[in-house]
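Only one structure is covered here, and it is reproduced in the block below.
The values are calculated or read from the model by the stated rules, or taken from the named source; none is laboratory data. A quick note: this is a predicted structure, and the numbers were derived from the prediction, not measured. Counting neighbours? That spans all protein chains shown, and the Cβs are built from the backbone with ideal geometry, glycine included. With ligands, DNA and RNA removed, areas are computed over all heavy atoms of the protein, side chains included. Shrake-Rupley method; radii C 1.70, N 1.55, O 1.52, S 1.80 Å.
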Amino acid sequence: MKLSARLQHIADRLPAGCRMADIGSDHALLPVYAVQNGIALSAIAGEVNEGPLDAARRQVAEAGETGRISVRKGDGLAVIAPGEVDCITIAGMGGALIATILSQGKEKLAGVTRLVLQPNVGEDLVRRWLVQNGWYLTDEAILEEDGKVYEILTAEHAEDANELNKALYRERTIPGCSVPLTEELQLLMGPRLTMAPGEVWEAKWRSEIAKLEKIRKSVAASKQESAREKAEELTSRIHQLKEVVTCLPKVKP
């Protein structure tokens, strides 16, 4: 089985010998790949919608993996019991939804040592949840596939997560830059991605800046006081982002 580049990046971040749960598993491609390639000992493929659930069941049956992969219907982490898995993957949905799934199923995280998360948008919301809930961001990856940009966040549960996160998100100065890389900017842009920003990261943020400039132009056309304040906020944020993107040394592929 050959995975997409996005799913392969996620698979590469699974610990060897794990017991995994893939939430929102769709066609269960990741669990099948993981067990058949000796990465996962067992897997749970969770889906809330009937169509993807049926597709996952067919995929697992055709792969001959019904003994090692359990396909379950349920919302979020409702498909697992505490202590049943030690690694959870959640991919292909918004960051706000991923954070909600983790919050609502917090008691199911007992015994889980690694999270591999791929939000389509709202990556900052996922980073913020990890910081607030005792998880340490050990790895960040960014890639472009079929015209879309994806970020993959890997986190591990740590007793000293607060100290580790303070060090990870500490404010950094950028040579030649008038804007410091604050904790807030790192939550937005990625603390590890900003340590080694590549071409995909730069292209993403130049695109985001262009979107913000369009929004600012639209807001500035309003005569309301609240619109003026919003335009000022956008101007400040655009300046910060431009400075960071311009000043950070880029890593060549």
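For the range 115-131: of the residues being among the β-branched types (Val, Ile, Thr) and buried (at least 17 other Cβ atoms within 10 Å of the Cβ), which is nearest to residue 190 (Cα to Cα)? So, considering only residues that are among the β-branched types (Val, Ile, Thr) and buried (at least 17 other Cβ atoms within 10 Å of the Cβ), the one nearest to residue 190 (Cα to Cα) is 126. The residue list 231, 155 contains one member that is in contact with an Asp or Glu (Cβ under 9 Å, 6 or more places away or on another chain) and small (Gly, Ala, Ser), which is 155.
Looking at 196, 141, 203, just one residue is among the hydrophobic types (A, V, I, L, M, F, W, C) and modelled with pLDDT under 95, and that residue is 196. So is residue 171 touching a Phe, Trp or Tyr at 6+ places or on another chain (Cβ under 8 Å) and acidic (Asp, Glu) or not? For residue 171, the condition - touching a Phe, Trp or Tyr at 6+ places or on another chain (Cβ under 8 Å) and acidic (Asp, Glu) - is not met.
Conditions tested, residue by residue: (1) modelled with pLDDT of 95 or more; (2) on the phi > 0 side of the Ramachandran plot; (3) open to solvent by less than 10 Å² (accessible area, probe 1.4 Å); (4) in contact with a strand residue (DSSP E or B) (Cβ under 7 Å, 6 or more places away or on another chain).
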{"site": "4", "(1), (2), (3), (4)": "yes, no, no, yes"}
{"site": "7", "(1), (2), (3), (4)": "yes, no, no, no"}
{"site": "35", "(1), (2), (3), (4)": "yes, no, yes, yes"}
{"site": "43", "(1), (2), (3), (4)": "yes, no, yes, yes"}
{"site": "59", "(1), (2), (3), (4)": "yes, no, no, no"}
{"site": "63", "(1), (2), (3), (4)": "yes, no, no, no"}
{"site": "80", "(1), (2), (3), (4)": "yes, no, yes, yes"}
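Look through the range 88-103, keep the residues that are of a type outside the set (Val, Ile, Thr) and open to solvent by less than 10 Å² (accessible area, probe 1.4 Å), and return whichever of them is farthest from the chain's Cα centre (by Cα).
102
May I ask you to verify whether residue 85 is of a type in the set (A, V, I, L, M) and open to solvent by less than 60 Å² (accessible area, probe 1.4 Å)? Here the answer is yes, as residue 85 does meet what is asked. Taking the criterion of being under 24 Å from residue 169 (Cβ atoms) and either assigned to a helix (DSSP H, G or I) or open to solvent by 20 Å² or more (accessible area, probe 1.4 Å) (or both), the residues of the range 104-114 that qualify are 106, 109, 113, 114.
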